[in-house]
Amino acid sequence: MHMADALLAPAVAATMYAASGVAAGWSVRQLRREDEPQQLPTMAVASALVFAGQMINYTIPGTGSSGHLCGGMLLSALLGPQAGFLSMIAVLTIQCLFFADGGLMALGANIWNMAFYGCFVGYYLLWRPILRSKRNISMPRKIIAASLLGCVLTLQLGAFSVVLETTLSGITELPFGAFLALMQPIHLAIGLVEGAVTAAVLVFVYRSRPELLRDVDAADGTGTRSVRATLIILATLVVFVGGGLSLLASSNPDGLEWSLFGNEEAGYSANMGLDEDDYGVASNAAETAAAVQEATAILPDYAFAGSDSPAGTTVSGLVGSVMVAALAALICLVGRTLREKKAAKHSA
């Protein structure tokens, strides 16, 4: 669902940067109040897992499209909505600057569409109420229900936001109703798969170390592994997914690209039928953003520049995961430093 700069007018892009910036600032303030010893390694590993997971495009049968993990629900379940949102910013920023995935001018919109709904709406509207419910339902079933419903709802909201943002940008080639009729159903299918993947990971964490999940009372389950062992397994999964499984990713366009351009080469519909080389809004801001990305992208499109070698995908998965983990850990350290300074000031 990564939007390109051509899908946004500069004014809309600036508005979405402002909205995402406000949410990020509030999240930093909230992060200052949290004091959990395992937060830093969990944040680093979970963020890397989302980056690696987003490299796996899975085919949506019968459509000519594919989807990939967004990760907001996964991160908010493990880290809480504020830390999860900041972790998603780390993922999307690294993807944008170093892998040219999603436009730089569109980064604020991508953060809102892919991170805000999953981390805040999904958490507060579904995850917390379902897991805190007093109904006589086992915790694993609650986790599965919250994951499936949360991923479906938040991807629907994200897809709707993409349609709304392009409409406000004045892209007349994308009539609101027709674009919406393509975006919502395909992201329903994508959301169901993401929900299943998210549920599988979170049920594993629950059975291994229940206190790593938000809104789960450790007394509700007996962990079969230590925190360290659980994180090592998840880190190993990052290496396996990012460095190996990513080679098997579907080559079909993702839900947004499929809606815009179709997949006639594979015998499917043209959908909106836009020209991939000439569509949307042209602006000086978009050209400047593209120039910056061209300079910073070390592995554009998750590959070695000018090469089709699969090694480029493997390197991208491993290097990107390390970069995201480091940035997420830095964000956590900043929160810890601010918290310590605040405590020292109050005790003085």
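The values are calculated or read from the model by the stated rules, or taken from the named source; none is laboratory data. As the structure is a computational prediction, the values presented were derived from the model and not from experiment. Virtual Cβ from ideal backbone geometry, glycine too; neighbours counted across all protein chains shown.
If the condition is being within 28 Å of E165 (Cα to Cα) and polar (S, T, N, Q), then the range 183-213 contributes Q184, T198.
The lone criterion from (1) part of a helix (DSSP H, G or I); (2) of a type in the set (S, T, Y); (3) surrounded by fewer than 18 Cβ atoms within 10 Å (Cβ to Cβ) left unmet by S321 is number (3).
Give me a count of the residues in the range 124-145 that are touching a residue at least 40 places away in the same chain (Cβ under 8 Å) and either surrounded by fewer than 21 Cβ atoms within 10 Å (Cβ to Cβ) or of a type in the set (A, V, I, L, M) (or both). Residues flagged as touching a residue at least 40 places away in the same chain (Cβ under 8 Å) and either surrounded by fewer than 21 Cβ atoms within 10 Å (Cβ to Cβ) or of a type in the set (A, V, I, L, M) (or both) within the range 124-145 amount to 8. Could you list, in sequence order, the residues of the range 155-173 that are closer than 16 Å to A19 by Cβ, more than 18 Å from the chain's Cα centre (by Cα) and aliphatic (A, V, I, L, M)? Within the range 155-173, L164, L168 qualify.
Candidates in the range 216-251 are the residues that are surrounded by 16 or more Cβ atoms within 10 Å (Cβ to Cβ), part of a loop (DSSP other than H, G, I, E, B) and more than 19 Å from the chain's Cα centre (by Cα); of these, the one that is modelled with the lowest pLDDT is G221.
The residues of the range 178-195 that are more than 15 Å from L256 (Cα to Cα) and out of contact with any Ser or Thr (no Cβ under 8 Å at 6 or more places or on another chain), listed by number, are L192, V193, E194.
Of all residues in the range 210-252, those that are among the β-branched types (V, I, T) and under 18 Å from R128 (Cβ atoms) total 1.
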